[in-house]
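Only the coordinates and a few stated rules stand behind these numbers; no lab work does. The structure displayed is predicted, hence computed values, not measured ones. Please note: Cβ atoms are built from the backbone with ideal geometry, for glycine as well, and neighbour counts cover all protein chains shown.
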Amino acid sequence: MVLLEFSMSPLGKGESVSTYVSRSLDIIDKSGVAYRLNPMGTVLEGEWDEVLDVVKQCYERMKEDCPRISCVMKVDYRQGHTGRLEGKVASVEKQLKRTLKT
């Protein structure tokens, strides 16, 4: 399974780009791929082709009316492991013996 964190936003559309980001989140939410939204991006969990397809769909939608797009991605593959969206945080909380803000 792959954890893929990405941030995609248009350039030249002003200070607030929530309109464009929300369109991507609609695509992500409807995809069925497990995800977590955070203030700086979104983390997807799934098979390689599955998560990359979601990113591609977000890109295709954004490029319809955004002539310049910035995208940053980070990928963590770990064979045989699932549920890492929650599991990685739970592991750190177990070490600290307390719940963290997530």
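The figures follow:
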item	result
Condition broken by C58, with the remaining ones in (1) farther than 19 Å from L85 by Cα; (2) more than 12 Å from the chain's Cα centre (by Cα); (3) not acidic (D, E) satisfied	(2)
Flag for S7 being in contact (Cβ under 8 Å) with a residue 40 or more places away in the chain, more than 26 Å from E86 (Cα to Cα) and assigned to a strand (DSSP E or B)	no
Identity of the residue in the stretch 15-35, assigned to a loop (DSSP other than H, G, I, E, B) and among the aliphatic types (A, V, I, L, M), that ends up farthest from L85 (Cα to Cα)	V17
Close pairs (9 angstrom Cβ cut-off, 6 or more residues apart or separate chains): in contact (Cβ under 8 Å) with a residue 12 or more places away in the chain and at positive phi in the stretch 11-23, in a loop (DSSP other than H, G, I, E, B) and of a type in the set (K, R) anywhere	G12/R68
Residues of the stretch 36-58 satisfying the condition of being assigned to a helix (DSSP H, G or I) and either at positive phi or buried (at least 16 other Cβ atoms within 10 Å of the Cβ) (or both)	E50, V51, L52, V54, V55, C58
Test: residue in the stretch 62-77 that is part of a helix (DSSP H, G or I) and either within 14 Å of T42 (Cβ to Cβ) or within 18 Å of the chain's Cα centre (by Cα) (or both)	yes
So G41, is it of a type in the set (G, A, S), closer than 23 Å to L100 by Cβ and in contact with an Asp or Glu (Cβ under 9 Å, 6 or more places away or on another chain)	yes
Failed item, numbered, when R61 is tested on (1) within 21 Å of T102 (Cα to Cα); (2) in contact with a helix residue (DSSP H, G or I) (Cβ under 6 Å, 6 or more places away or on another chain)	(1)
Criterion violated by S16 - all others in (1) loosely packed, with under 14 Cβ neighbours inside 10 Å; (2) of a type outside the set (A, V, I, L, M, F, W, C); (3) touching a helix residue (DSSP H, G or I) at 6+ places or on another chain (Cβ under 6 Å) satisfied	(3)
Odd one out for V33 among (1) of a type in the set (A, V, I, L, M); (2) touching a residue at least 40 places away in the same chain (Cβ under 8 Å); (3) touching a helix residue (DSSP H, G or I) at 6+ places or on another chain (Cβ under 6 Å)	(2)
